[in-house]
1. Pick from the stretch 153-164 the residues that are touching a residue at least 24 places away in the same chain (Cβ under 8 Å), buried (at least 16 other Cβ atoms within 10 Å of the Cβ) and in a helix (DSSP H, G or I): which of them is nearest to the chain's Cα centre (by Cα)?
2. Report, by residue number, each residue of the stretch 176-216 that is in a helix (DSSP H, G or I) and among the acidic types (Asp, Glu).
3. Do the conditions hold for Arg60, that is, is it touching a strand residue (DSSP E or B) at 6+ places or on another chain (Cβ under 9 Å) and within 21 Å of Ala188 (Cβ to Cβ)?
4. Within the set of pairs 6+ apart or on separate chains, which have a first residue in the stretch 73-85 that is at positive phi, a second that is of a type in the set (Gly, Ala, Ser) and assigned to a loop (DSSP other than H, G, I, E, B), and C-beta atoms under 9 Å apart?
5. Failed condition for Val150, given (1) in contact (Cβ under 8 Å) with a residue 40 or more places away in the chain; (2) in a strand (DSSP E or B), with all others met?
6. Just to verify a result, which residue in the stretch 197-242, among those that are within 22 Å of His178 (Cα to Cα) and among the aliphatic types (A, V, I, L, M), is nearest to the chain's Cα centre (by Cα)?
7. What is the number of the single condition among (1) of a type outside the set (D, E, K, R); (2) under 22 Å from Ile200 (Cα atoms); (3) over 20 Å from the mean Cα position of the chain (by Cα) that Leu132 does not meet?
8. Check off (1) of a type in the set (Phe, Trp, Tyr); (2) buried (at least 23 other Cβ atoms within 10 Å of the Cβ); (3) farther than 23 Å from Val150 by Cβ for Phe22 and give me the number that stays unchecked.
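The values are calculated or read from the model by the stated rules, or taken from the named source; none is laboratory data. Keep in mind that this is a model prediction, so the values were computed, not measured. Note that each Cβ is placed from the backbone with ideal geometry, even for glycine, and that neighbours are counted across all protein chains shown.
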Amino acid sequence: MVRLHVNVDHVATLRQARREAFPDPVAWALRAEAAGAEGITCHLRVDRRHVQDEDVRRLRAVIATRLNLELSLAPEIVALALESGADAFCLVPEGRQEVTTEGGLDARGELGRLREVVPALAARGGEVSLFLDPETDQIDAAAEAGALFVELHTGRYAASRDEARALELERLCAAAEHARAIGLRINAGHGLDYENVQPIARLPHVEELNIGFAIVAEALTVGVDRAVGRMLELVQSTRSPE
C-alpha cells in the first residue's frame, strides 16, 4: 500500500524569501498530517536555502507521523542527521547552483563514503534510502552500501510526455523490479503532481511517494487541507483492496 509523504521544503522557501517567521513549515506539516499525510519529508541543505536546523528539531518534536530527512553526504549535515531522531534518511546529491535536486546520487562513485554513512545512520534507528536514477548499476551500489531502500528519481518521467514518458515509466518499472529482486525496498519521488502521480503510485513494490512542490503550489489556491486531500485521493485510488 503506497503511502503519501508531504515535503515541506517549499513552505520554508517562501518563509526564507523574507526571513520572516511565517509561513511556518512546522505548522504547515501539522495541517498536512491532519489532512491525511502519512509522513513528513524535509531536506536540510548545506546552504540552508529553505529548511533550517531548528525546523528539523521542531518537526521531530511535534509531528505524529514519520519524519523523513533528506541530506547530502556533507559531514556537517550527516552529523546533524545523526542527532535528529528522524525515522528515515534519504541521501541525495546536492549542488550549490541547482534550483532543485538534479538527478540521482552517484552511489557507485560515492560507494566508499556510503559504506561509512549508511550504517551510521541505520545504527541510530533510521531507515536509510538512496535517491537514485533508475539504473541497475546504481541500485546494485545501494545494496552494496547497506541501504534498506532506494528512492527512484522520477524527474525525467515527470518532465517527459507521450512516448518518452512511457519509456521512462518502463525504466522505473524495471528498476523497481530489479531493486526488489536484490532485496531492496522502493520509494519514489521528484516532480510528481496531480496529473502524473497515478502511474508512479502503480509501480510494482513502491511503498512511499514523496511529493512537495505540487502540493504546496496547489495549497496557495485551495488551502492545505484540500491540496493534501486531493493528492491522497489520487494515491489511494491506486491501492489494491486489503
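1. Ranking the candidates gives Gly155 first.
2. Result: Glu177, single match.
3. No, not satisfied.
4. That search, which allows pairs on different chains as well, returns Gly85/Gly125; Gly85/Gly126.
5. (1)
6. The qualifying residue nearest to the chain's Cα centre (by Cα) is Leu209.
7. The failed condition is (3).
8. Just one mismatch for Phe22, condition (2).
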